[in-house]
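Engineer: Before I ask anything, let me first share the structure, which is written out below as structure tokens.
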Amino acid sequence: KVFGVFDGHGGPEVARVCQLYLVSVLKKQPTWDKALQNEPYHGNPADSPLGLALREAFHALDRVIGDPNRRDELVAYRSFKPGPGDRKEIDVIPPPLKLTAGGESTVEEAKTDA
């Protein structure tokens, strides 16, 4: 079980998506299985397997919320309020965006163009 407070900073629909999908998204993270092993960890808690799994899940949920294919679902959650403990399984989590630089310019060329 997970307890969380979703403040609705992005609107009530965002808080409801988090309520429904957080557990499913968390379980799909590559570091989740390692987090369940309960091995002692003595470093920064944020870098522990559980900390990494939570961070990955939050980033994945952010991609789910921003996914254009889920826009209708997100809009529906403006008026639909799930009950306590309601959950849904996530089918597809959008992959992270890959940023690429266009062209073949070097830093020096960019400075001379300015």
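Engineer: Say we look at the range 15-55 and pick out the residues that are in a loop (DSSP other than H, G, I, E, B) and among the polar types (S, T, N, Q); which of these is nearest to I90 (Cα to Cα)? Full working, then the answer.
Structural biologist: Restricting attention to the range 15-55, the residues satisfying the condition of being in a loop (DSSP other than H, G, I, E, B) are 28-31, 36-44, 48.
Now drop any that are not among the polar types (S, T, N, Q), which leaves 29, 31, 37-38, 44, 48.
Details: Q29: 12, T31: 17, Q37: 23, N38: 25, N44: 30, S48: 24 Å.
Once the filter is applied, the top-ranked residue is Q29.
Engineer: Restricting attention to the range 17-45, and to residues there that are touching a helix residue (DSSP H, G or I) at 6+ places or on another chain (Cβ under 7 Å) and among the hydrophobic types (A, V, I, L, M, F, W, C), which single residue is nearest to A60 (Cα to Cα)?
Structural biologist: V25
Engineer: Okay, moving on. Out of the residues in the range 66-108 that are at pLDDT below 80 and part of a helix (DSSP H, G or I), which is farthest from H9 (Cα to Cα)?
Structural biologist: E108
Engineer: Still on this model: Looking at the range 26-47, can you tell me whether even one residue there is surrounded by 13 or more Cβ atoms within 10 Å (Cβ to Cβ), among the hydrophobic types (A, V, I, L, M, F, W, C) and touching a Lys or Arg at 6+ places or on another chain (Cβ under 7 Å)?
Structural biologist: As a first pass, look at the range 26-47 and keep what is surrounded by 13 or more Cβ atoms within 10 Å (Cβ to Cβ): 26-29, 31-32, 34-35, 41.
Of the ones still in play, those that are also among the hydrophobic types (A, V, I, L, M, F, W, C) are 26, 32, 35.
Narrowing further to those that are touching a Lys or Arg at 6+ places or on another chain (Cβ under 7 Å): none.
No, there is no match, as no residue in the range 26-47 is surrounded by 13 or more Cβ atoms within 10 Å (Cβ to Cβ), among the hydrophobic types (A, V, I, L, M, F, W, C) and touching a Lys or Arg at 6+ places or on another chain (Cβ under 7 Å).
The values are calculated or read from the model by the stated rules, or taken from the named source; none is laboratory data. No experiment lies behind these values; they were computed from the predicted model shown. Neighbour counts are summed over all protein chains in view; Cβ atoms, including those assigned to glycine, are modelled from backbone coordinates with ideal geometry.
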